Amino acid sequence: SEMSADAAFTAALTLVEGRNYIQAAQRLESLLQKPGDLLNLEKEAIYHVLAYCYEEQNQWARAAEYYQKAISPTYNLSDYAVYHLAGLYQKMDDQPNVIIWYQRLIDQYPQSFHFAEAKFEIAKAYQGQGNYARALDYLSGLIADKQSGYVRQATYESGKAYEGLQNWREAQLTYQRLIDEDASD
């Protein structure tokens, strides 16, 4: 007899835990072929796990497509889908999309566990594009927020940004601040 949608989803999750991403993806894809069966299963949850399976198989374009489908106001793990999508664009070295998706995480999910990390990654992406002034906007906020967990890294990156702007004095002061702080630990 046919497995219920819930049971099929659970079986797919077990395959994911066992790192059988190809089989898991096949199960999930076939689940989506029967939308009538998905009464109490969130489609977004299926898309999310499917995206992860494709990401693990290095099928990044397909993974990105499914992460985007997983993002919805009603899906309670949407912030994680946005976060993983931004990370996927980092792997693909697509700086404009890195900025777009981390910015969306910041704007739509200010309570996200990944909030400070998103700001830091946006700064680094702007840095990679040579947009040092924009990078400094994000870095200075992280440096000022002692709770961010990114004070030292952001200080270091801001030194590099000042170098990019050829503001050698500010770069030197920034690096000196890092050295002084470390010495006093």
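Below, the figures for the structure above:
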read-out	value
Shape metrics for the chain, restricted to C-alpha atoms - Rg then Dmax, Å	20.7, 74
222 nm mean residue ellipticity, helices alone, for the chain (DSSP H n ≥ 4; -39,500 (n - 2.57); rounded to 500)	-23500 deg cm²/dmol
Gyration tensor (Cα) of the range 78-158, equivalent ellipsoid semi-axes in angstrom	19, 16, 9
0 to 90° range, to nearest 10: angle between helix 21-32 axis and the chain longest Cα axis	60 degrees
Whole-Hz ³J(HN,Hα) from phi, Karplus 6.51 cos²θ - 1.76 cosθ + 1.60, for the range 113-121, glycine and proline x	4, 9, 4, 5, 4, 4, 4, 5, 5
Flagged links, alpha-carbon separation over 18 Å, of K124/K160; K43/K119; K119/K146; K43/K69	K43/K119
Exposed trypsin sites (Lys or Arg not before Pro) absent: longest stretch of the chain, with sites in DSSP loops and at most 15 other Cβ within 10 Å deemed exposed	20-145
Label-reachable residues, the range 133-152, where backbone N falls under 18 Å from a point 7 Å from I179's Cα toward its Cβ	152
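Only the coordinates and a few stated rules stand behind these numbers; no lab work does. Note that the structure is a prediction, hence the values are computed from the model and not measured. Because the Cβ atoms are built from the backbone with ideal geometry, glycine has one as well, and the counts that use them run over all protein chains shown.
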